[in-house]
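The values are calculated or read from the model by the stated rules, or taken from the named source; none is laboratory data. Note that the coordinates shown come from a computational prediction; the quantities given were computed from them, not determined experimentally. When we count neighbours, we look across all protein chains shown, and the Cβ atoms used for this are built from the backbone with ideal geometry, even at glycine. Heads up: the accessible areas ignore ligands, DNA and RNA and are worked out on the full protein's heavy atoms, side chains in. Shrake-Rupley method; radii C 1.70, N 1.55, O 1.52, S 1.80 Å.
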Amino acid sequence: MTKTYSHHLHQLQAQAEQALARCGFDALVIASGIEKYAFLDDRPYLFAPNPHFKHWLPLVNHPHSWLLIRPGHKPRVVYYQPDDFWHVPPSDPAGEWTDLVELVVIGQPEEALAHLQVPGRLAIIGEADAALDGVTPNNPADLLNILHYQRANKTGYELEQMRAASRRAVPAHLAAKAAFLAGASELDIHRAYLAACGHTDRDLPYTNIVALNEHGAVLHYQYQEAQAPAESRALLIDAGAQVNGYASDITRTWSAGDAMFDALLARMEAAQLALVDEVRAGVDYRSIHLSTHAKVAGILQDLGVVKLSVAEQLAQGVTSTFFPHGIGHLIGLQVHDVGGFMADDSGTLSPKPEGHPYLRLTRTLTPGMVVTIEPGLYFIPTLLNKLKATPAAAAVDWSLVAHLSRFGGVRIEDDVVCRADGGPENLTRDAFAAQA
């Protein structure tokens with residue numbers, strides 16, 4: 001880790017210095033964030049660090065800490081370590097990062113102030129409630145635009161963490177599949193996932209989606225039923241893992257055995273792999289999204305779900321009934337990483353294709369970007385009801401839709417690196433292959 005992390009830190013330092021100079025600031029101050037409590041309660045929410053803070057440091061459970069970046073200086077880390085007998089405080093600072101920074105340990109949050117007050121104009125990144133007397137986040141938009149635009153392209157260190165996050169998640173996906181095939185409930189499938197990846201709920205980069213049968217048609221299904229259904233027909237599981245603040249985001253759909261649903265799964269698997277291969281430097285990500293709609297239309301036509309040509313389905317917007325979300329997004333420090341709509345580092349927006357409001361990424365792909373490719377095909381009652389009110393309804397095999405609706409839907413998602421030469425690196429498939 002030392003060599004790649006050192007290069008990572010030097011690159012961030014160079015980028016920060018250039019951004020400060022362009023925007024007229026003398027130093028960059030980053031708050032890790034504070035622990036927040038439920039209204040009228042003493043129960044804290046899960047701490048989520050400022051992603052700008054964990055971009056520099058592999059510290060994800062460290063509220064009230066700070067980072068000071070100045071041209072020509074080592075990064076100064078103000079490390080909060082309270083003397084607390086109610087909770088487990090952060091451990092003593094350890095790891096390769098400690099040799100590359102100026103480290104200051106404090107025991108009270110307000111002690112950070114003395115180590116952050118430096119001459120000049122400060123750019124202070126953080127939430128408003130992280131403010132100290134005289135150190136108030138101002139989140140300058142011009143500087144944030146530069147940092148967010150650059151963050152899409154991962155360093156070697158970042159790619160190492162993301163490969164590790166995929167390797168951590170894949171055994172858990174296989175454990176979830178085994179639990180599903182054994183007839184487990186959504187809750188028990190979730191528990192099997194956690195046990196296999198060594199996470200608790202608080203460690204996950206996002207809340208697991210564990211959806212059996214019709215629940216697979218709810219895109220962000222938020223519950224985990226404790227009671228197993230009488231018949232487990234399909235499992236859609238969207239679940240990741242986290243390593244040093246970097247996320248994986250993986251979705252798999254498993255079948256208990258049905259000829260038509262298995263045919264749909266096989267066609268979606270082939271389409272997803274073809275879409276992954278479109279992740280190339282210079283490709284407009286929006287074109288991959290539109291390519292997905294054409295592939296979904298072909299599947300619907302070939303399986304007899306919709307008796308219209310691909311061109312007719314696209315012209316009438318039929319595929320949006322079955323594939324209503326975007327093909328994917330940037331991923332890294334955040335599952336839905338920032339900067340997805342930026343045409344340049346000044347904040348100019350790159351628009352979504354007309355009629356596709358839910359796409360989360362509209363940039364041209366460049367080497368080092370990591371994106372998800374997650375085509376889906378679902379049977380969502382509210383969208384199907386709207387389709388029934390259109391002229392295209394006459395071309396739909398509603399008896400087949402009723403049969404497939406019992407399985408909810410299909411989503412297959414991989415995390416994919418755009419490379420300078422050759423094809424993409426598929427972090428997810430590589431992790432599955434290593435596990436096999």
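Side notes on the structure shown:
- Computed per residue of the chain from DSSP H runs no shorter than four, each worth -39500 (n - 2.57), the mean residue ellipticity at 222 nm is -10500 deg cm²/dmol.
- Backbone N within the stretch 181-216 under 19 Å of label point (7 Å from residue 385 Cα along the Cβ vector): 214-216
- The chain: angle of helix 2-23 to the longest principal axis, Cα-based, in degrees nearest 10: 80
- Of the solvent-accessible surface of the chain, computed with a 1.4 Å probe and all protein chains present, 54% belongs to carbon and sulfur.
- FRET efficiency for residue 48 and residue 358, using Cβ-Cβ distance with R0 set to 25 Å, rounded to 0.05: 0.60
- Gyration tensor (alpha-carbon) shape descriptor, the stretch 348-420, a/c threshold 1.5: oblate
- Other residues with beta-carbon under 11 Å from the beta-carbon of residue 345 carry, at +1 per Lys or Arg and -1 per Asp or Glu, a net charge of 0.
- Long-range HN-HN contacts of residue 105 with modeled amide H, under 5 Å: 79
- Cβ-defined net charge surrounding residue 115, 15 Å radius [Lys, Arg +1; Asp, Glu -1]: -1
- Annotation: per residue accessible area for the chain equals 42 Å², rounded to a whole number [probe 1.4 Å, protein chains only].
- Residue among 281, 120, 152 farthest towards the positive dipole end of the chain, charges placed on Cβ: 281
- The simple spin-label model puts a point 7 Å past each Cα toward its Cβ; for residue 270 and residue 230 those points are separated by 3.6 nm.
- When the pairs 307/388; 3/74; 352/386 are compared against a 19 Å limit on Cα-Cα distance, 352/386 fall above it.
- Under 13 Å, Cβ to Cβ, from residue 51 - net charge with Lys/Arg +1 and Asp/Glu -1: -1
- Helix 285-302 vs. the chain, principal-axis angle (Cα, 0 to 90°, nearest 10): 20
- Theoretical gain in end-to-end length, residue 133 to residue 94 [0.36 nm per residue, Cα-Cα removed]: 11.1 nm
- Between residue 10 and residue 74, the contour length at 0.36 nm per residue exceeds the Cα-Cα span by 22.1 nm.
- On the beta carbon distance between residue 262 and residue 187, with R0 = 25 Å, the FRET formula returns roughly 0.45.
- Gyration tensor verdict on the stretch 228-337 (Cα atoms; rounded if a/c is under 1.5, prolate if a/b is larger than b/c, oblate otherwise): oblate
- The 1.4 Å probe gives accessible areas that order 233, 429, 167, largest first, as 167, 429, 233.
- Under 28 Å from residue 36, Cα to Cα: lysines that are on another chain or at least 8 residues apart: 54
- Part-to-part distance (alpha-carbon centres) for the stretch 85-142 and the stretch 177-242, which is given in Å: 38
- Accessible area ranking (1.4 Å probe, heavy atoms, ligands and nucleic acids excluded), largest first, for 254, 398, 66: 398, 254, 66.
- On the beta carbon distance between residue 302 and residue 393, with R0 = 22 Å, the FRET formula returns roughly 0.65.
- Label-point gap, in nm, between residue 201 and residue 336 - each point 7 angstrom along Cα→Cβ: 2.1
- Prolate/oblate/rounded label for the stretch 197-251 (Cα gyration tensor, a/c 1.5): prolate
- Additional length obtainable on full extension of the chain from residue 21 to residue 114, 0.36 nm per residue less Cα span: 31.0 nm
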